[in-house]
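Accompanying notes for the structure given below.
The values are calculated or read from the model by the stated rules, or taken from the named source; none is laboratory data. Remember, it's a predicted structure, so these values are computed and weren't measured experimentally. Counting neighbours? That spans all protein chains shown, and the Cβs are built from the backbone with ideal geometry, glycine included. Please note that ligands, DNA and RNA were not included when accessible areas were found on the heavy atoms of the full protein model with its side chains. Shrake-Rupley method; radii C 1.70, N 1.55, O 1.52, S 1.80 Å.
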Amino acid sequence: MKLSLILLLLIFVLKTPLAQSLIPFGDVRIGEAPIPLDLEDFNPYATKPLKGLQLEFEKQSVQWIRDSSNLLIPRARLKITLPKTIGPPLFYYLGEVFSGEFISDKLTYEIDLWINLFNPGSITIKTNNEILSKVVIGRKTSQKSIPSKLIDYSCAPYDLEFTGLEDQYMSVGCRLEQIGPSHQKKPRLIVTWSASNALLADGTLPPYRTILRGGNVAPIEVINNLGQKLNVTIKASLPKRIHRLKTAIGFGPYRFETQSGEQKREEKWAPAFMFYGKYDFLATTSLRFFNATVSRGSLFNNGGVYLAYEIANLFDGRVQVIPLLGAQILNFNYNKDVPNRNKVIYPQGFEAVWRHSFGIKNSHLIYGMFISGSNTEPYKNLWLRWGTKIFGELNYIEWKAGTQRVKTYGVSIGLPFLSFL
């Protein structure tokens, strides 16, 4: 119970504003730079010639960040230089006004602005309330053989397909919604996307959103910076139903060692059977339950029910930390001559999940553990699980109470079983 109180305190502390300002928790995401991007494919120019105006992207300034729609987009710093003769300029960009610094030894005004390369907009240059020119970013198609599509890991489970933008840089993110009554939840996928050289015909800037509800194709027509029409199609694979209760079974060979008083069974191979279940309340909250049975001469059965709640989400959702708060029922029978031992115990634990591990889409590496804080009845349960729907698991369980003791460890294969609700 001591460990349970510590975990509850840890959840409270980590959800405070101070902790969230230091460590990325909850909805905070840390961006990655998954695809290389060449600034030479983006050409800044002035719509009206302006003598002495210089435009240049700062080399190696590209950063991948999440915008307000949670889409990973690239930005870079654009350096703008104007001669002293222009007068103190003001720069109007995305609803904000900026002023630059005067470089006395060069007799120039300079400023550098972060530019969203997939949604750059335009920069208006003014002096004395007069518009001198506008700076826009010319977008080129990507002719390089390097990867140019960033499909966010949030889209990985749905086999998303895009056609019509094969020669462009592109970023795509997904968000699955559940619609309908609780006993008949159906999926609706919101696809948010932005490309380096694709606009709507009316000039609306990206990002754009497409809603998919089944296996049908969603068409959309865009134009490039030359005014050419591009026919884009989007498709995804979605399940017909979303079940809130999912189960799995596992089986495999375990090493099994038991003891009761002076009697002891040496470590031998034994069959093991596992049952796993998960009931989803919310996207970050679920009820987990499990049961493990190992038997050879002696019988050991260990089951538990736990509330799981995500407290940490890092690296674009690829790493999660989930505390497990609950209780277990433990049953041990050394042999027919020794009375069964049935006990409710309270070991607490957590899981650390690495989603899409080793660069393999939809594969998860999970480390978890339960530890008991009891000195009179120590218990530990450690597991390492890897796979997709089918997974392999290494597991170690050890328990002791008085003169009775169980130690078992081994490898098992897990398979999806039944889904309900």
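For region 82-117, a residue qualifies if it is touching a Pro at 6+ places or on another chain (Cβ under 6 Å) and farther than 14 Å from Leu53 by Cβ, and exactly one does: Leu117.
Select from region 180-198 the residues that are over 22 Å from the mean Cα position of the chain (by Cα) and open to solvent by less than 60 Å² (accessible area, probe 1.4 Å) and write down the one among them that is farthest from Leu245 (Cα to Cα). Give the derivation first.
Keep residues of region 180-198 that are over 22 Å from the mean Cα position of the chain (by Cα), which gives 180-185, 196-198.
Filter once more, keeping what is open to solvent by less than 60 Å² (accessible area, probe 1.4 Å): 180, 185, 196-198.
Details: Gly180: 16, Lys185: 12, Ser196: 41, Asn197: 43, Ala198: 41 Å.
Within region 180-198, the match that is farthest from Leu245 (Cα to Cα) is Asn197.
Among the residues of region 94-114, is any surrounded by fewer than 13 Cβ atoms within 10 Å (Cβ to Cβ), in a loop (DSSP other than H, G, I, E, B) and among the aliphatic types (A, V, I, L, M)? Checked region 94-114: at least one residue is surrounded by fewer than 13 Cβ atoms within 10 Å (Cβ to Cβ), in a loop (DSSP other than H, G, I, E, B) and among the aliphatic types (A, V, I, L, M). Phe251: assigned to a strand (DSSP E or B) and open to solvent by 70 Å² or more (accessible area, probe 1.4 Å), yes or no? Judged against the criteria, Phe251 is a match. Is it true that some residue in region 360-374 is of a type outside the set (D, E, K, R), farther than 30 Å from Asn70 by Cβ and at pLDDT below 90? Looking through region 360-374, at least one residue is of a type outside the set (D, E, K, R), farther than 30 Å from Asn70 by Cβ and at pLDDT below 90. Here the condition is being part of a strand (DSSP E or B) and either touching a residue at least 40 places away in the same chain (Cβ under 8 Å) or closer than 30 Å to Lys240 by Cβ (or both); of Asn331, Asn342, Asn395, Asn362, it holds for Asn395 alone.
Of all residues in region 43-59, those being open to solvent by 30 Å² or more (accessible area, probe 1.4 Å) and either farther than 24 Å from Pro206 by Cα or in contact with a helix residue (DSSP H, G or I) (Cβ under 9 Å, 6 or more places away or on another chain) (or both) number 9. Does region 219-239 contain any residue that is under 26 Å from the mean Cα position of the chain (by Cα), open to solvent by less than 40 Å² (accessible area, probe 1.4 Å) and without any contact (Cβ under 8 Å) to a residue 60 or more places away in the chain? There is no residue in region 219-239 that is under 26 Å from the mean Cα position of the chain (by Cα), open to solvent by less than 40 Å² (accessible area, probe 1.4 Å) and without any contact (Cβ under 8 Å) to a residue 60 or more places away in the chain.
Only one entry in Ile73, Ile65, Ile80, Ile123 is open to solvent by less than 30 Å² (accessible area, probe 1.4 Å), within 18 Å of Tyr169 (Cα to Cα), of a type in the set (A, V, I, L, M) and in a strand (DSSP E or B), namely Ile73. What do you reckon, is Val191 touching a helix residue (DSSP H, G or I) at 6+ places or on another chain (Cβ under 8 Å), part of a strand (DSSP E or B) and farther than 22 Å from Ile390 by Cα? Yes, satisfied.
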